[in-house]
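Q: Here you go, one structure.
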Amino acid sequence: TVICADKTGTLTKNEMTVKKIYVDNSTIEVSGSGYNKVGSFSYDKLSVNEHDLNLLLSIGVICNNSSFDVNKNSMIGDPTEASILVSASKVAIEKEDLDLLYRRIKEIPFDSKNKYMATINEKDNKKVLYVKGAPDILLKISSHILIKGKKLKLDEKLRKSILDKNHEFSSNALRVLGFAYKDNNIDSVDNLTFVGLQGMIDPPRDTVKEDIQRCHSAGINVKIVT
């Protein structure tokens, strides 16, 4: 009379997909599904600085331990990290290229206490700290924000607008990550420059709706255990 079903990989495809991006106080809609690199970005070109968007996507690729297996046409690693690689590849930003340009010197792995992952990378003899993690945590350790190509002081009004957007994304079933960087005094993860957000979802399997309706028709109650 009752089916208790796991969610991730059972009711869903276990292929996280970035659907929304927030940068320069603007929301970008991302098309496509799963690990298919076919997709596009829809946004007002006048309201978004292309450099800021590319930096946001590049941080997600550089500060990332997943990879794409070309031979098997599949992802290796964490589904959330994989979705970030796919979103960047939709505008031709590829991990293979950035890994060659930005040599990784150090990594601070994600943990449940810090709620962020950070890497120190070097390009042209210049070291930069890149960070991705929970938006609220990153905002607490950020002192500036990048808007329209300018580094501005991150005041409480700007913090609230980002947290509101994070809440909006989360309320629409999106898992949200924030992205930031630091190009001086990189030995400590503080005084970061916040760049933006990416919101992703694990899409349901194609037949899930029909399957659950069939269970209900047969008098079987479906419970999601997640």
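The values are calculated or read from the model by the stated rules, or taken from the named source; none is laboratory data. It should be emphasised that the depicted structure is a prediction, and the values quoted were computed from it without experimental measurement. For neighbour counting, all protein chains shown are included, and Cβ atoms are generated from backbone atoms with ideal geometry for every residue, glycine included. For the accessible areas, the whole protein counts, side chains as well, though only heavy atoms, and no ligand, DNA or RNA atoms are used. Shrake-Rupley method; radii C 1.70, N 1.55, O 1.52, S 1.80 Å.
Q: If you rank 215, 63 by how much accessible surface each has, with a 1.4 Å probe, what is the order from largest down?
A: So the residues, ranked largest to smallest area, are 215, 63.
Q: Please list 137-146, 13-22 highest first by mean number of surrounding beta-carbon atoms within 10 Å per residue.
A: Descending mean neighbour count gives 13-22, 137-146.
Q: Ordering 124, 24 from largest to smallest accessible area (1.4 angstrom probe), what's the sequence?
A: Reading off the accessible areas and sorting them downward yields 124, 24.
Q: Specify the residue with the greatest mean-square fluctuation among 193, 80, 207, computed from a Gaussian network of the chain linking alpha-carbon atoms under 10 Å apart.
A: In the Gaussian network model the winner is 207.
Q: Still on this model: When only Cα pairs under 8 Å and 6 or more residues apart are kept, what is the percent relative contact order across region 1-107?
A: About 25 percent, as a whole number.
Q: If R0 is 45 Å, what FRET efficiency do you get for residue 210 and residue 47 from their C-beta distance, rounded to 0.05?
A: Efficiency computed from Cβ-Cβ geometry: 0.65.
Q: OK, next. So if R0 is 35 Å, what FRET efficiency would residue 69 and residue 168 give, r being the distance between their Cβ atoms, rounded to the nearest 0.05? Please report the intermediate quantities before stating the final value.
A: Details: r = 34 Å, r/R0 = 0.98.
Step by step, r from the Cβ atoms, then E = 0.55.
Q: Ok, one more. How do the peptides 162-173, 38-49 rank, highest first, by the average count of neighbouring beta carbon atoms within 10 Å per residue?
A: 162-173, 38-49
Q: Would you work out the relative contact order for region 32-182, in percent, from Cα pairs under 8 angstrom that are 6 or more residues apart?
A: 21
Q: Another question, then. Quick check: at a probe of 1.4 Å, how many percent of the accessible area of the chain sits on carbon and sulfur atoms?
A: C and S fraction of accessible area: 50 percent.
Q: Give the lysines reachable from residue 157 as a straight Cα distance under 21 Å; neighbours fewer than 8 places away on the same chain don't count.
A: Once the sequence-local lysines are set aside, what remains near residue 157 is 140, 148, 165.
Q: If you line up the long axis of helix 79-89 against the longest principal axis of the chain, both from Cα atoms, how many degrees apart are they, to the nearest 10?
A: In the chain, helix 79-89 runs at an angle near 60 degrees to the longest axis.
Q: Once both axes come from the Cα atoms, what is the angle between helix 208-217 and the longest principal axis of the chain, in degrees from 0 to 90, rounded to 10?
A: Relative to the chain, helix 208-217 is tipped by roughly 30 degrees.
Q: Still on this structure: Solvent-accessible area of residue 156, probe 1.4 Å, all protein chains present, reported in Å² to the nearest ten, please.
A: My reading of the accessible area for residue 156 is about 130 Å².
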